[in-house]
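Here's the structure we're looking at; comments come further down.
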Amino acid sequence: MWNQIQKSIGKLPCPEADSLHRQSIQVETETVHGEKLALQCMGCDACVENKGCMCDHSTQDLKSVVNEADVEDHTEANSSFAHSVINMIGMLIGLGQLSAPYALENGGWASALLLVGIGVICAYTSLLLGKCLEKSPRSRSYADIGQHAFGSRGRVLASTFIDVEIFMTLVSYTISLHDNLITVFAGTQLRLPLWTKLSTSQLLTMIGVLIALPSLWLIDLSSISFLSFGGILMSIIIFTSVAYIAIFHVVKVNHCIPVLHLRKIPAISGLYIFCYAGHIVFPNLYKSMKDPSKFTKVSIVSFASVIALYTSLAFTGAKLFGPEVSSQITLSMPRHLIITKIALWATVITPMTKYALMFAPFSVQIEHSLPDSFSSRTKTIIRGAVGSFLLLIILAIALSVPYFEHVLSLTGSLVSFSISIVFPCASYIKISSAQLSKLSLILNATLLAFGLLLGVAGTISSSKSIFTSLKRDHSA
């Protein structure tokens, strides 16, 4: 494995560029179903949630740091078909796993058609990204496609959406940390003399975030790669624990799922789209393949597997717990079971492992935007201070708006629809406009409008839910 990693890193003749490239690489770890190539480029836009980055960056990605003419790209594309399928499945499994049963119960069993439909559309738009890369061989990342389609504004827009998704996903992780800590330490009472207004759950969350805070100060960013295993472990434990409860009839209630709650569709559509939000790393996966012509098959197999996983988990959770199902399935599981305690701890630990991983792109951007006259120690201090400040902002937002389902829905509606449906369709139409048939143009324009409609409707619905919850809690 290590030999494969070393070959994929490549060599740069410029010492500074070589140092940057090595600092940009994460180590390979294991996925939910096997190997997951987590060679995540810390400087790329793909380091988000549990979705690993298949970084295979050309000199184009380093042009802000070194002169492109002085760099030679020796990176090898060596991912097999099976390896690529495993990677894509690993990218698509994340926080959506927690909320799928809640979304199905609230939307009704007929909303499973939307869950499957959005999955199929996202599979199709992943193919559009591959076609965009075929049209522009020099493009290697999601932001590169944006630039090829719409110029510098397209790159800025794509990067902005990615940064916002990273930020909002971290807020969702922190809310998840808050909710699960309450359950893990049920009955515990904490009070600080200086902050008497803070509840026990808020203090526990602050302690958890402060424990994770030093990881943002690590000098060698590649040393945090081992943390990515936390998210993978969570996915394994959650699915295994729900399956265990269903198979061994630990919960014997067999609830009837309502047919359809039409008014809740906009909100749950944000939860559904978040399940498939892995598009920002698909260009990197495409470029890493030995045979990119098999990318279509990779997408079909991967999305079919993930759609089946999410749909089965959603129905199982909704049938087991019915209207009482929590927005995070771990909070609905019988608390006396050992497997539930393990699942809860895994869900608590995972957010704490995510902060350094997901802040990595910002860290590299900050460090390499500083003047060369600054010493490495000064750069580390500035990078750590900025990261710590942002993490404290995220903590404050999470404690102020502790509504996991609404924040996750807002993230999906506001950002994921754009990243996974709207932007790929718009880019493909722009790049391939001369070759598009009328039928293809109508199809992609329709999907673009569909993504915009659900994105806007979901954003409005989830925003209203957040404000209503805030108003209710303030009154209470």
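The values are calculated or read from the model by the stated rules, or taken from the named source; none is laboratory data. The model shown is predicted, which means the values in this text are computed figures rather than measured ones. Positions of Cβ are generated from backbone atoms using ideal geometry, with glycine treated the same way; all protein chains shown enter the neighbour counts. Keep in mind that these areas ignore ligands, DNA and RNA; they rest on the heavy atoms of the full protein, side chains included. Shrake-Rupley method; radii C 1.70, N 1.55, O 1.52, S 1.80 Å.
Pairs from the table (131/294; 294/438; 354/464; 135/287) lying more than 23 angstrom apart at Cα are 294/438; 354/464. The Cα-based radius of gyration and maximum Cα-Cα distance (Dmax) for the stretch 317-386 are 20.5, 62 Å. Computed over the Cα atoms of the stretch 355-476, the ratio of the radius of gyration to the Kirkwood radius (Rg/Rh) comes to 1.15.
May I ask for the distance between the Cα centers of the stretch 77-121 and the stretch 153-200, given as a whole number of Å? Centre-to-centre distance over Cα atoms comes out at 23 Å.
Once R0 is set to 51 Å, what does the formula 1/(1 + (r/R0)^6) return for the Cβ-Cβ distance between residue 138 and residue 400, expressed as a FRET efficiency to the nearest 0.05? List each step's numbers first, then the result.
On the way: r = 44 Å, r/R0 = 0.86.
E between residue 138 and residue 400, to the nearest 0.05, is 0.70.
Peptides 376-382, 261-267, 279-285, 346-352 ranked from most to least packed, by the mean per-residue count of other Cβ atoms within 10 Å: 279-285, 346-352, 261-267, 376-382. The portion of the accessible surface of the stretch 70-141 made up by carbon and sulfur, rounded to a whole percent, is 60 (1.4 Å probe; DNA, RNA and ligands excluded).
Rolling a 1.4 Å probe across all protein chains gives residue 338 an accessible area of roughly 120 Å². One Cα centroid belongs to the stretch 238-306, the other to the stretch 404-476; the line between them spans 18 Å. Among 136-145, 465-474, 242-251, 290-299, the peptide with the highest mean count of other Cβ atoms within 10 Å heads the list, and the full ranking is 136-145, 290-299, 242-251, 465-474.
Using a Förster distance of 51 Å, how high is the FRET efficiency between residue 467 and residue 248, based on the Cβ-Cβ distance and rounded to 0.05? List each step's numbers first, then the result.
Values: r = 42 Å, r/R0 = 0.82.
Efficiency, from the Cβ-Cβ distance: 0.75.
Shown is the FRET efficiency for residue 261 and residue 160, computed with R0 = 25 Å from the Cβ-Cβ distance and rounded to the nearest 0.05: 0.15.
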